[in-house]
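Since every read-out is calculated from the coordinates, none of them should be taken as a lab result. What you are looking at is a predicted structure, and each value in this text was computed from that prediction instead of being measured. All Cβ positions, glycine included, derive from the backbone under ideal geometry; neighbour counts span all protein chains shown.
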Amino acid sequence: MNLFCIGLSHHRADVEMRENFAGHAETDRVLRDCGCSEALLLSTCNRVEVYAASEPFIPTKQIARCLARTNALEVDDRLETFYRYEHADCVRHLFRVASGLDSMVLGETEILGQAKKAYEAARIAGATGRYLHRLFQRAFRVAKQVRTHTEITRGAVSVGSVAVDLAQKIFGDLRDCKVLVVGAGETSERTVRALVSRGVSDLRVSNRSPERAESLALAVGGRAVRFDEWPQQCGEIDILVTSTSSEVPLISREKLAPVVRERIDRPLFIIDIAVPRDVAPDVNALEGVYLYDIDSLRSIAEQSLATRRAQIAAAEEIISKHVSDFIESIARGLNRSASTGHPGVSENSLRASES
Amino acid sequence: VDRYLLIISTVCFLVAIAHTALEMRGGTFRPMRFNFFAVGLGFVFQTAFLSIRGHAIGRCPITNLFEVVIFVAWSVALFYILVGPAYRLSLMGAFTAPLVVLLQLFALTAPIDHPHARRTPANSWLEFHASISLVAYGAFALACIAGVMYLIQERQLKTHELHSIFYRLPPLSDLFAAITRLLWWGFGLYTVGLISGFFVGEPLPWRQIVCAVGVWILYGLILQGRYLRWFAPKRVAALCIIGFSAALTLLWGITFTTPTHTP
């Protein structure tokens, strides 16, 4: 039985190419018609991959045709963009993908959920058998082990998610946090959306242009505050996001100190993503105030990425051990089935042993 | 034999520390599980020690400074076992184990385990008063540990220097909530201990009363300051450390449950 993976990913294929070969509703059936005894399609925004098991050798071109969105799509001159991994290489590739080592953002965990969904869909469609079942269950285990035994997922690697992580380290649960956004720029919008995704519901938006404030407030489910009124809000809020185009700092230590004294038992997290900065740096010296500007957020993101990169070797080591073990276990299963004339391991026993 | 139990218990806590150090060095620390097990095992041996010692002397084993230090270490482990999982404060075990080891190493190495000159009849009110006060010390110790964790986390957030431990430590708000609850637990138990002291039925030395009331006032002021917003959370955390250090030092000045023995 040949176990193989054929696909396209962000490494070599641009988004248009990935769109053209993203598969379609009938892909599973078509793959089975190609001669695959088991087949699974993993399609995400960064990759389109087919994992399959087949008795005969199936050329890459044939799989690429199955993935093409339309019959009119010319496959031949795009074939070199596809990669193909067989047997142990296929196993290794899937383990790396599931662990986030092959992702655009190293160590991201979304891919694991997508792989689980793809597996579930194929299982329900009856497209998986004992090989793919065993392979994917092991991949999920490997990904979990890599995540727990290395720091490949540690820290956030974008400005918005770093800000949200820091907010969670200060306030814990963000659902009760009050957020004020001063300056409705693109970066502040991204940061606010990241905060909303973690449960923030009390959002106030202030901008020199009231229309823009209204528009962002509407988009993120908050309320607009007049630009001359935002300083009065500082006593109530927990998180302040500033990104105005002001040439001079809007907040100085002298202005903020009385407000902070009034709220001595509640921390204030200030995310200043404006250039030039909206908040004077010495504000950070006030008790209970945590000020982060764009450079400090970027520096933390880079530090996290460096930490993740430093964990690649440890993750690869875990994966290598599992690849050898998996290949051995498959071989043992095949030998047993050859000597008894029966399948080496039944699907039920596999489920019990791998889940 | 009882000292061997104490040595085994100390080894359990040392294993917890070594495990934490190794895991954190490798960047693969998984909080709670191993530490909870190691501290739990250490607690079992501490309990066995206290039980054997208690049977041997026919009373609650808090008759000299050695036994009192072990009883405080036992209370710290007890509070960690009760509070650690409930408050879900990761790394608390990693911070608890060193304190327990320090207390037990001090008890084992310092010449403070003096045999009792003569046996006096047990006074149940006196034993209750002393033991409940020492259990309160366990809560104050945990508040002190949470205070240390708070200050470490706060410092990293202030300086923007986020080390590996930053991602393992709980949020500031959770730590502050834990500090407040532990202060209340400690203060409540200590108050019960203090009140029960009036029912002992024998005159207590003035030095003991002054020390006990001093500790009570100190923690009362910390709690008062926290609720009247005199202090920022960082100050409360620092005061928990100062308060526990002071309370521990004052143990020297206290006469324990054997009236004949004064350290």
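Here is how the numbers come out for the structure above:
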read-out	value
Lys, Arg +1 and Asp, Glu -1 on Cβ, resulting dipole of the stretch A:61-192 about Cα centre, debye, nearest 20	720
Rounded Å value of the spacing that divides the Cα centres of the stretch A:98-174 and the stretch A:35-80	24
Top of B:Leu183, B:Leu65, B:Leu157 by mean-square fluctuation, Gaussian network on chain B, Cα under 10 Å	B:Leu157
Over 47 Å [Cα-Cα, the protein assembly as shown], rounded percent	36
Globularity index of the stretch A:51-133, i.e. its alpha-carbon radius of gyration over 2.2 N^0.38 Å	1.22
Compactness index (Cα Rg / 2.2 N^0.38 Å), chain A	1.27
Sequence-distant residues sharing a close amide H with A:Ala224 (under 5 Å, placed H)	A:Val205
Residues B:Arg25 and B:Ile195, FRET efficiency given R0 of 56 Å [Cβ-Cβ distance, rounded to 0.05]	0.70
Rounded to whole Hz, the Karplus (6.51, -1.76, 1.60) HN-Hα couplings of the stretch A:121-137, x for glycine and proline	4, 5, 5, 5, 6, x, 8, 9, x, 5, 5, 5, 4, 5, 4, 6, 4
Separation in nanometres of the label points that stand 7 Å from Cα toward Cβ, at A:Met17 and B:Tyr227	6.8
Antiparallel bridge percentage (DSSP; both residues within the protein assembly as shown; nearest 5)	45
Amide hydrogen neighbours beyond the local backbone of A:Lys178, cut-off 5 Å, H modeled	A:Asp238, A:Ile239
Debye intensity ratio I(q)/I(0), log10, the stretch B:136-258, q values 0.12, 0.21 Å⁻¹ (C-alpha model)	-0.49, -1.13
Residues B:Ser245 and B:Ala56, FRET efficiency given R0 of 22 Å [Cβ-Cβ distance, rounded to 0.05]	0.10
A:Ser299 paired with B:Val210, simple spin-label distance in nm, labels 7 Å along Cα-to-beta-carbon	5.1
31 Å Cα-Cα threshold exceeded, pairs from A:Lys61/A:Lys117; A:Lys116/A:Lys178; A:Lys321/B:Lys158	A:Lys116/A:Lys178; A:Lys321/B:Lys158
Residue-averaged 222 nm ellipticity for the protein assembly as shown, from DSSP H runs of 4+ at -39500 (n - 2.57), nearest 500	-19500 deg cm²/dmol
Cysteines not pairable in chain A (beta carbon separation under 4.7 Å absent)	A:Cys34, A:Cys36, A:Cys45, A:Cys66, A:Cys177, A:Cys234
B:Ser164-A:Ser324 FRET efficiency (beta carbon distance; Förster radius 35 Å; 0.05 resolution)	0.70
Rg followed by Dmax, in Å, when the stretch A:52-208 is reduced to its Cα trace	21.4, 67
Tilt relative to chain A, helix A:312-340 - C-alpha long axis, 0 to 90 degrees, to 10	30
Shielding by partners, peptide B:157-166 (average Cβ within 10 angstrom, other chains)	5
Fewest-first sequence of A:Glu189, A:Glu328, A:Glu16 by Cβ atoms within 10 Å of each Cβ	A:Glu16, A:Glu328, A:Glu189
Residue among A:Arg134, A:Arg32, A:Arg175 with the largest mean-square fluctuation in a Gaussian network model of chain A, springs linking Cα atoms under 10 Å	A:Arg175
Antiparallel %, DSSP beta bridges [both residues in chain A], to 5	45
Projected label distance in nm at A:Asp176 and A:Glu26, using a 7 Å step from Cα toward the beta-carbon	5.7
Neighbour-limited loop hits for GluC sites (Glu not before Pro), the stretch A:103-176 (at most 16 other Cβ within 10 Å; DSSP other than H, G, I, E, B)	A:Glu108
Built amide H within the under 5 Å cut-off of A:Thr242, gap 5+	A:Val182, A:Ile271, A:Asp272, A:Ile273
In Hz, Karplus ³J(HN,Hα) per residue of the stretch B:216-230 (6.51, -1.76, 1.60; θ = phi - 60°; x = Gly, Pro)	4, 5, 4, 6, x, 5, 4, 5, 4, x, 5, 7, 8, 6, 6
Positive-end residue, chain A charge dipole about Cα centroid, Cβ charges, pick of A:Ala194, A:Ile271, A:Gln232	A:Ala194
Intensity falloff of the stretch A:24-76 expressed as log10 I(q)/I(0), Debye formula with alpha-carbon point scatterers, at q = 0.14, 0.26, 0.29 Å⁻¹	-0.33, -1.11, -1.30
Neighbour-limited loop hits for chymotrypsin sites (Phe, Trp or Tyr not before Pro), the stretch A:1-62 (at most 16 other Cβ within 10 Å; DSSP other than H, G, I, E, B)	A:Phe57
GNM top mover of A:Leu101, A:Leu297, A:Leu218 - chain A, alpha-carbon springs below 10 Å	A:Leu218
